[in-house]
Amino acid sequence: MSLRLRLLLLIGVSLSLLWGAVTAWTLHDLNRQLSRTLDQRLAMSAQMVAGLMAQLPSPRAGALPSFPDIHAGIACQIVSVRGEVLLRTPGAPKVAASRPPLGYADQVIDGVHWRSYTTEANGLRVTTADRLTERDALLANVRWAAAVPFFAALAGSLITLWFGVRRGLLPLERLRQSLSRRAPDALEPVDARHLPGDLQPLAASLNALLEKMGQALSRERRLTSDAAHELRTPLTAIKTHLQVARITQGRDAKIALEHAEEGADRLQNTLSQLLTLARVEGEFDWEDGHPALAGEVVSLAARDAAPRQPDRIAIGPLPQTPLALPQALAVTALRNLLDNALRYSPAGSQVRLSVWRDGACLHFEVADQGPGLSAEAMAQATQRFWRGSQSAAGGSGLGLAIAAAIAERFGGRLTLRAGEGGGLRAILALPARD
């Protein structure tokens, strides 16, 4: 259902119910007031006739002159206390035998419904009456006369509502047409200068979404370009070494095959890192139901980073604090930091790993004894495929980027600082559970 139709139905039904309720209440009150007025006319007519009769000498049957209707549509009859009809207007019902009660009464006489009023004065019973059919006809005419303006006003309101809704939704329709005419790769902001104030938040949210989409597309294009460049190098090296192995024999062929295998391992590592980064930055659900403890994370990360030289990682005291993120991601982030520190540290040197709790986060600090980074290089180190001037062989340039992406996804952060005695300190802050 379109927004225009929804607005028309909502406002139209509400307006119809409101007008209908007002019309019903007005007609009901009009019917009650008119019925009261007609009853008062009967009473006033009867009292007027009784007053006139009081000024005449003692009446007797047939001695009173007949006179026409005292009011149009009202019948009158005068009866003595002995039941003699002294006077009856033409068309009046014969109510002598029924002797209606004093006051108002509804009667059926000779198949005709009457509304009567009876009063007694000076030994005379005066009854005035009118036909209910005539009264109902009068009430129906009055009701129609009162209801027609209401229905006309309702119809006019609905027509005005139709044009008003169409006119009010024109800015939204123009915005829709503007977006439908755009090319798929057009991500420039929407011009919101001429939009009404109610649509300004929508335009602002749409522009923010377009900006995010532009950033995401730019990031993906950069990733694709960088990945193509990074994958081209090991593929070219593998192809070259295989060609050398094909045209040589003996030791040279063996060395070429070993180099091709190293290139394949590097390519596999780069692809694995790219897949991990894509999953971390995407909408992948990492909830595996396994709580991550600081001790287990450190143990698994150190084992994966230095499986053959575990003594190269000096680990300080470990608090048994649970982390507010899946264990697999915490291990991946810390392993990348340890692997990076081991790769850039001199052979045989140690990498220090310290863990402490500060506020809502658990901090993992990895300090190496490598050449370190300048302040400008630290600002660029977490970018994809970034490598410094003293980059180590075998690195893909994605380790720090993956660690930073994991930390940011769960509300943590990765901070790089210069070591006091040289080297680099990488501090990974991950959210902890109470």
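Derivation of every value follows stated rules applied to the coordinates shown; laboratory data play no part. Worth saying up front: this structure is predicted, and the values here are computed from it rather than measured. Here the Cβ positions follow ideal geometry from the backbone for every residue, glycine too, while neighbour counts run over all protein chains shown.
Under a 5 Å amide H to amide H cut-off, with H placed in plane at 1.01 Å, what residues pair with residue 352 once short-range neighbours are removed?
Excluding prolines and chain starts, which carry no amide H, the hits are 314, 367.
Kindly rank 186-193, 241-248 from highest to lowest mean number of other beta carbons found within 10 Å of each residue. Write out the running numbers ahead of the final one.
Values: 186-193: 12.6, 241-248: 14.1.
Descending packing order for the listed peptides: 241-248, 186-193.
How much FRET efficiency would the formula 1/(1 + (r/R0)^6) give for residue 183 and residue 376, where r is the Cβ-Cβ distance and R0 is 51 Å, rounded to 0.05?
The pair residue 183/residue 376 has a calculated efficiency of 0.85.
Taking other Cβ within 10 Å of each residue's Cβ, how do 361, 76 sort, fewest first? Before the final figure, lay out the partial values.
Working: 361 19, 76 22.
Going from least to most buried by this count: 361, 76.
Assigning unit charges at the beta carbon (Lys, Arg +1; Asp, Glu -1) and nothing else, what dipole magnitude in debye, to the nearest 20, does the range 334-383 show about its Cα centre?
Working: 4 positive and 5 negative charges, 32 e Å.
The dipole magnitude comes to about 160 debye.
Got a sec? How would 151, 364 order by Cβ neighbour count within 10 Å, fewest to most? Could the numbers behind the result be given before it?
Details: 151 13, 364 27.
Ordered from fewest to most neighbouring Cβ atoms within 10 Å, 151, 364 come out as 151, 364.
Non-local amide H neighbours of residue 293 (under 5 Å, H modeled in plane, Pro and chain starts lacking H): which ones?
Counting only residues 5 or more places away or on other chains, the set is 323.
Taking H as built 1.01 Å from N, whose amide H comes closer than 5 Å to the amide H of residue 121, not counting residues under 5 places away?
126
Between residue 13 and residue 174, how high is the FRET efficiency from 1/(1 + (r/R0)^6) when r is the Cβ-Cβ distance and R₀ = 22 Å? Nearest 0.05.
My answer for the efficiency is 0.20.
How large is ³J(HN,Hα), in whole Hz, for each residue of the range 311-323 in order, when computed from phi with the Karplus curve 6.51 cos²θ - 1.76 cosθ + 1.60 and θ = phi - 60°, using x for Gly and Pro?
Taking θ as phi minus 60°, the curve returns 6, 6, 10, 8, 9, x, x, 10, x, 7, 10, x, 9 Hz for the range 311-323.
Tell me, what ³J(HN,Hα) does each residue in the range 6-20 have, in order and in whole Hz, if you take phi through Karplus 6.51 cos²θ - 1.76 cosθ + 1.60 with θ = phi - 60° and put x for Gly and Pro?
Result, rounded to whole Hz: 5, 5, 4, 5, 5, 6, x, 5, 4, 5, 5, 5, 5, 5, x.
Using the Karplus curve 6.51 cos²θ - 1.76 cosθ + 1.60 with θ = phi - 60°, work out ³J(HN,Hα) for each residue of the range 364-376 in order, rounded to whole Hz, and write x for Gly and Pro.
Per residue, the Karplus-derived 3J(HN,Hα) values read 10, 10, 10, 10, 10, 10, x, x, x, 9, 6, 4, 5 Hz.
So, with +1 on the Cβ of K and R and -1 on the Cβ of D and E, and no other charges, what is the size of the charge dipole of the range 288-431 about its Cα centre, to the nearest 20 debye?
180 debye
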